[in-house]
Amino acid sequence: MASIDISSQPGKDFSGDVLVVLVFSGRERHRLPLAISKVARQVMDESDFKAEYLELVPLHHPNGVKESRWMLLVGLGEEEAVTHNKLRKAAGAAARFCLKKGWKSLGLVSPATSLLDHDEVQVAVLEGVMLADYDFVLFKGKPEPKRFERIEVFTNGDDTRKARRHLPQIEAGVNACHRVRDLANTPAGDLYPEAFAELAQKLAKQHKLGIEIMDADALAKGGFNCVLAVGQGSARAPRVIKLEYKPKEKPKKHVVLVGKGICFDAGGLSLKDASGMETMKDDMTGAAIVLATLLACAEMQVPVQVTGLIGLAENMPSGSSFKPGDVLRSRSVKTIEVLNTDAEGRLILADLLHFASEMKPDHIVDLATLTGACVIALGDGVSGIFGEDQKLVEHLLDAGKATGEHLWQLPLVPEYRSALKSHVADIKNISGTRWGGAISAAMFLKDFVDHASWAHVDLSGNWSSTERDYRTYGASGEGPRWLLEWLLS
Ligand code: BES
Ligand code: ZN
Ligand code: ZN
């Protein structure tokens, strides 16, 4: 982790690899801090740099900057249109540029604007850089991570105390984001249910979280027949983990977070094609988010009791796999006809959501890479959220807005439930049509929730093969930051 500082200096004496200067377009650039050198001003005056949003111009050895070898001008677009998220993303994009150049120590001149609080500007800029400061090199022959050693935000005379107060939440959120990226990017050959459970055990101990791990025998005793069925085709046995965070004071509320943890989704006997499997090591993103969020809750000592339920299995084809046509007796005793073994996430969640409902918490939120249909609907930068407790959904949407992680509400449509009717069981696991697949999956889950305040988040778009702003290739790591924001508010 880089050393981090917020300084009330203007930054012109910064001695590091690069001084990043964030600039609004239009006349606002004339209000630039002193740190801007003659060269930089010249570039701006000659209109080679218009400060359009996300425009980047590197300048070598600018005069007036005493020590840093480079200055990087970063456009913010019009000041009137500034938001925290735009600042976060512009700083993040600049940071990715610097990391690729191999620059290790970076100073940032925080922009001056009267439209946002100073401390929030400083914090947004810093957070964008920290989110971008990630490199997945665990599986490189010679790991040489492109990471920062030093990050310093300059604020030209502003009081930095208020900004510093945000630091613990930012650090906890960024660490959790990076942890989710690490877990979801790790190949399934290395991260299988037992390995995930062992890691969770180690981390839970370090963070003083309660943990219970159920192996196949315990799952059979506990009636988790759907988890067992999904996992039965794999040589790696399934696990369910229960994590517990309790605040020191009497908790204000109790929340249960439920995560889908399919360590690899081959589709089972309803086998996916080769390209459909390429990213399916990430089908445990929900589980990773639950684990990372509970660790962050402990770091932040949130005032809410949080239980994490994680269902881990591998969905593989083999002689012992569950089969299309099988009828499963779920934990709730409702029976499920399996017509497509690739719709396995909802089966695992059926058992876990029933278990969660028994705990009678205030809210249940499940997180799952559940449907390709959700990616078709919303793309790879937005998660779908479903729920009938509109207040809960709105609180979660607000947390998403505050952290710049994009959630969008999709409807639960009662009429679509009839497509899930089975001739032989209480419900079947597919609707028989491709249309509205994210909604029919959510309608399936609803049958197993015996609770008034539940939200389902379809995270299928959390993998991206395009790098954008502070986001890196692969798993986005989104989830813990908005969950933490919600739990803290
Ligand atoms: N894990 C997948 C969903 C998924 C697909 C996430 C692509 C991200 C990208 C899930 O288990 C699945 O295979 N769902 C099927 C459901 C279908 C058989 C009803 C799907 O979406 O195709
Ligand atoms: Zn599947
Ligand atoms: Zn899946």
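Checked against the criterion of being more than 24 Å from MET277 (Cβ to Cβ), polar (S, T, N, Q), free of Cβ contacts under 8 Å to residues at least 60 places away in the same chain and part of a helix (DSSP H, G or I), the candidates SER440, SER418 yield just one match: SER418.
Of the candidates THR279, THR369, THR293, THR341, the single residue that is under 19 Å from LEU420 (Cα atoms) and of a type in the set (Val, Ile, Thr) is THR341. Filtering LYS146, LYS142 for residues that are at pLDDT below 95 and farther than 26 Å from MET44 by Cα leaves a single hit, LYS142. Restricting the range 71-86 to residues that are acidic (Asp, Glu) and not in a loop (DSSP other than H, G, I, E, B), the residue that is surrounded by the fewest Cβ atoms within 10 Å (Cβ to Cβ) is GLU80. The residue list LEU370, LEU339, LEU353 contains one member that is farther than 22 Å from GLY223 by Cβ, outside any strand (DSSP E or B) and more than 13 Å from ligand 3 (Cβ to nearest atom), which is LEU339.
The set of residues in the range 114-155 that are part of a loop (DSSP other than H, G, I, E, B) and among the hydrophobic types (A, V, I, L, M, F, W, C) comprises LEU115, LEU116, PHE136, VAL137, LEU138, PHE139, PHE148.
Any residue at all in the range 457-464 that is farther than 19 Å from THR293 by Cβ and not assigned by TED's automatic domain parsing to the domain that holds ALA124? Taking every residue of the range 457-464 in turn, at least one turns out to be farther than 19 Å from THR293 by Cβ and not assigned by TED's automatic domain parsing to the domain that holds ALA124. The set of residues in the range 170-187 being part of a helix (DSSP H, G or I) and crowded, with 20+ Cβ neighbours inside 10 Å consists of ALA172, GLY173, VAL174, ALA176, CYS177, HIS178, ARG179, VAL180, ARG181, LEU183, ALA184, ASN185. Evaluation of ASP458 against the conditions (1) open to solvent by 10 Å² or more (accessible area, probe 1.4 Å); (2) among the acidic types (Asp, Glu); (3) within 11 Å of LEU370 (Cα to Cα) shows that the sole unmet condition is (1). Only a single item in (1) open to solvent by less than 50 Å² (accessible area, probe 1.4 Å); (2) in contact with a helix residue (DSSP H, G or I) (Cβ under 9 Å, 6 or more places away or on another chain); (3) not in a loop (DSSP other than H, G, I, E, B) is not met by GLY107, and it is number (2). Within the span defined as the range 426-446, one or more residues are within 16 Å of ligand 2 (Cβ to nearest atom), farther than 24 Å from VAL256 by Cβ, assigned by TED's automatic domain parsing to the domain that holds GLU478 and modelled with pLDDT under 95. Looking across the range 305-334, the residues that are open to solvent by less than 20 Å² (accessible area, probe 1.4 Å), away from ligand 2 (no atom under 15 Å from the Cβ) and either farther than 30 Å from LEU203 by Cα or among the hydrophobic types (A, V, I, L, M, F, W, C) (or both) come down to VAL306, LEU309, ILE310, LEU328, SER330.
You will find that of GLY379, GLY345, GLY372, the residue that is within 16 Å of ligand 2 (Cβ to nearest atom) and open to solvent by 10 Å² or more (accessible area, probe 1.4 Å) is GLY372 and no other. Quick one: is ASP190 open to solvent by 40 Å² or more (accessible area, probe 1.4 Å), in a loop (DSSP other than H, G, I, E, B), under 30 Å from THR369 (Cα atoms) and outside the structural domain of SER68 (by TED's automatic domain parsing)? For ASP190, the condition - open to solvent by 40 Å² or more (accessible area, probe 1.4 Å), in a loop (DSSP other than H, G, I, E, B), under 30 Å from THR369 (Cα atoms) and outside the structural domain of SER68 (by TED's automatic domain parsing) - is met.
The values are calculated or read from the model by the stated rules, or taken from the named source; none is laboratory data. Worth saying up front: this structure is predicted, and the values here are computed from it rather than measured. Every residue, glycine as well, gets a Cβ built from its backbone with ideal geometry; the counts of neighbours run over all protein chains shown. Just so you know, the surface numbers come from the protein's heavy atoms only, side chains and all, with ligands and any DNA or RNA stripped out. Shrake-Rupley method; radii C 1.70, N 1.55, O 1.52, S 1.80 Å.
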